[in-house]
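Trainee: First, the structure itself, so that you have it in front of you.
The values are calculated or read from the model by the stated rules, or taken from the named source; none is laboratory data. Predicted model only: the values in this text are computed from it and were never measured. No Cβ is skipped: glycine too gets one built from the backbone with ideal geometry, and neighbour counts run over all protein chains shown.
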Amino acid sequence: MNSRNQSFIIYILLFIAIIAMVFFTVNQQSSQVVEIPINKLATDIREGKVKSIIEDESRLEITYKNNDIRTSTKDPSTPLIAQLVELGVTPEDLSSEQISVEIKLPSPLLGVFSILSYILPFIILIGLFWFIFRQAQGSNNAAMSFGKSKARMFTGDHPTVTFDDVAGVEEAKEELEEVVEFLREPQKFIALGARIPKGVLLVGAPGTGKTLMAKAVSGEAGVPFFSISGSEFVEMFVGVGASRVRDLFEQAKRHSPALIFVDEIDAVGRHRGAGLGGSHDEREQTLNQLLVEMDGFDTDTNVIIIAATNRPDILDPALLRPGRFDRRVTLDRPDIKGREEILEVHVKGKPVSPDVDLSDIARSTPGFVGADIENLVNEAAILAARRNKRVIEHSEFMEAIERVIAGPERKSRLINENEKKIIAYHEAGHAVVINALPEADTVQKISIISRGEAGGYTIAFPEEDRMLKSRGQILSDMITLLGGRAAEEIVFNDITSGASNDLERVTKLARTMVMRLGMSEELGPMVYGKKEELVFLGREISEQRDYSEHIAEKIDTAIHSLVQESYQKAKDILNRYRKELDEVAEKLLVVESLTAAEFFEIFPTPVEKTGGIPQKIV
Ligand code: ADP
Ligand code: MG
Ligand code: ZN
């Protein structure tokens, strides 16, 4: 029995219970007329006050000559007349001229109802018991099937994903082409005695299309696809994860050639022996079982495992050994060309206006991964629908980019005039500093309409994607981030909490420069501090100190002076371009958001730009 049936039965039971309740109350209501004892009735009859009596089984309805209505109850075993006579009523008093006595035969329907009203509670009770019993049994069954793998199977003849659906990752596709070939024609490889890859590790940031790629491999090869997530292995009871693995491999072998996809393998495949706590044992057993299974099947089993992770650094080395996940395929964040191709995949089949320039959208979305782009196209479609358009236009795409980067607009948030002015100067400060620094990005948009957490925001993009960041660029980022706070100080001679996120990022940048990137002159090209992951705390990182107290002080001083110098530079820039700062802030107060063109009209870039990296500054 499925859960829909179960809830259906509950509804029926509830319905019956309500009917029964209504029936009882109606019954009770009719007896609200004044009840008199039968001897009072006898006296009234003798005194000639009664006009008629209706006898309904043991209930009596009495109508008086003055039209009062009373009820009474008689002994059900003796006839009414006999009872009245016993109470001193003479047959003359009951003569038909005096009084009409009507005897109602019990209505068959009423009989059914009254019987029902007796047995209904029992039926309901039995129904409830039966239901509870079924439930208990159900959970029992679930307990029995814990060890079964929860893998979902998608067979080859489903309408599946192909390589055409995965864009912008040509190298990865080429590498996986080999896996597809093997799954299609295993004999060709076996005949030559080639060792077939057993496991492929897909590595990439979240949303770069790892899951999609694994599905595409199975779709291209037309083989069944068994998918399970690493976190599903690790469940409450010890031993369950291991037996799930066993079951999963058994299923796959029965359907071979087949593909097993283990998503989020880092959930089970962390370094063994690292960490504390109960879940650790369980993970270790699961991981061991995974290794045993991978070693256990021969080259002729024709099962290939693809695992995905965004944390290859924390995987157990045993997993990466030859014969296990020895192939590694990296899915990078797409570059500008890749993003355009992914956009093409996702706008396919959607009504898009001819004015939409996909390469322009790709240029405006540095750092976006496939999932972001899918989200972007979807947001654009939603915007177009809300504007009752037939096609999605370029403006919707541009607005969708802002939504994806900064969250939806919160126009309803009430901001008083004074706060609005501070926010306007804060954002204008960021934008003016960005524009005055050669190594900072190019301003794309400034707004004081709050989005998500932020009161306002400034978006700046580089002219092109870049992989490396120079010291000068990081310093520019720091100065830019401090531009908001600096503007507040210069203009209002007071500072607000609005810069908290900026300050956090600045401090982190300074710390990274000094401790991780060796970008401080005093401390030299060295890494300070060992990062360690505390497994039992999940993602938490603790830092282990591997330097002396003396160095610690130097680090603090270096970080401090980096931030202080940047702040001073930001203030210098704003003092130099104070007129432009005022103009931008005033315009913002009127129109709330400025495009790049509107901004440059007020403040043409005074330096030659050498570019930066993408970011949103709040
Ligand atoms: P991951 O598993 O790496 O976190 P997914 O495979 O779940 O990412 O990707 C989420 C969605 O993003 C996919 O369903 C797809 O629509 C889109 N996507 C991601 N990468 C690409 C790509 N390279 N080409 C086309 N769409 C992509
Ligand atoms: Mg995924
Ligand atoms: Zn800010």
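Trainee: Regarding the range 358-372, can at least one residue be identified that is among the charged types (D, E, K, R), surrounded by fewer than 20 Cβ atoms within 10 Å (Cβ to Cβ) and either outside any helix (DSSP H, G or I) or more than 26 Å from the chain's Cα centre (by Cα) (or both)?
Mentor: yes
Trainee: Which members of the range 492-506 meet the condition of being in a helix (DSSP H, G or I) and more than 14 Å from ligand 3 (Cβ to nearest atom)?
Mentor: Phe492
Trainee: Tally up the residues in the range 238-276 that are at pLDDT 80 or above, surrounded by fewer than 24 Cβ atoms within 10 Å (Cβ to Cβ) and in a loop (DSSP other than H, G, I, E, B), please.
Mentor: So the count comes out to 3.
Trainee: Do the conditions hold for Ile305, that is, is it in a strand (DSSP E or B), buried (at least 16 other Cβ atoms within 10 Å of the Cβ), more than 16 Å from ligand 3 (Cβ to nearest atom) and modelled with pLDDT of 85 or more?
Mentor: yes
Trainee: Then there is this: Under 6 Å between Cβ atoms, at least 6 apart or on separate chains: pull out the pairs that start in the range 251-272 with a residue that is farther than 10 Å from Ala307 by Cα and end on any residue that is of a type in the set (Phe, Trp, Tyr).
Mentor: If the second residue must be of a type in the set (Phe, Trp, Tyr), the pairs left are Ala252/Phe226; Leu259/Phe225; Val268/Phe233.
Trainee: Starting from the range 546-573, keep only residues that are in a helix (DSSP H, G or I), then list their pairs with residues that are surrounded by fewer than 16 Cβ atoms within 10 Å (Cβ to Cβ) whose Cβ atoms are within a distance under 7 Å, requiring at least 6 positions of separation or different chains.
Mentor: Listed pairs, sorted by first residue: Lys554/Glu522; Ala558/Glu522.
Trainee: Shifting gears a bit: Would you check which residues across the range 97-109 are of a type outside the set (D, E, K, R), farther than 18 Å from Glu47 by Cβ and either modelled with pLDDT of 75 or more or part of a loop (DSSP other than H, G, I, E, B) (or both) and list them?
Mentor: The answer is Ile103, Leu105, Pro106, Ser107.
Trainee: Can you tell me which of (1) in a strand (DSSP E or B); (2) under 14 Å from Lys104 (Cβ atoms) is the one Arg70 doesn't meet?
Mentor: (2)
Trainee: Okay, moving on. If a residue has to be hydrophobic (A, V, I, L, M, F, W, C), farther than 20 Å from Gln285 by Cα and in contact with a Gly (Cβ under 7 Å, 6 or more places away or on another chain) to count, how many in the range 310-337 make the cut?
Mentor: Adding up the residues that qualify gives 1.
Trainee: Oh, and also: Among what's in the range 337-365 and is more than 16 Å from ligand 1 (Cβ to nearest atom) and touching an Asp or Glu at 6+ places or on another chain (Cβ under 9 Å), pick the residue that is nearest to Pro206 (Cα to Cα).
Mentor: In this case the residue turns out to be Arg363.
Trainee: Within the range 182-200, work out how many residues are part of a helix (DSSP H, G or I) and touching a residue at least 12 places away in the same chain (Cβ under 8 Å).
Mentor: Of the residues in the range 182-200, 5 are part of a helix (DSSP H, G or I) and touching a residue at least 12 places away in the same chain (Cβ under 8 Å).
Trainee: Working only within the range 308-332, note down all residues that are of a type in the set (Val, Ile, Thr) and either within 16 Å of ligand 3 (Cβ to nearest atom) or touching a Lys or Arg at 6+ places or on another chain (Cβ under 7 Å) (or both).
Mentor: Residue satisfying the conditions is Ile314 alone.
Trainee: Does any residue of the range 325-336 turn out to be at pLDDT 90 or above, among the β-branched types (Val, Ile, Thr), over 30 Å from Glu583 (Cβ atoms) and in a helix (DSSP H, G or I)?
Mentor: Scanning the range 325-336, I find no residue that is at pLDDT 90 or above, among the β-branched types (Val, Ile, Thr), over 30 Å from Glu583 (Cβ atoms) and in a helix (DSSP H, G or I), so the answer is no.
Trainee: Residue check: is Gly222 within 22 Å of the chain's Cα centre (by Cα), modelled with pLDDT of 85 or more and more than 16 Å from ligand 3 (Cβ to nearest atom)?
Mentor: no
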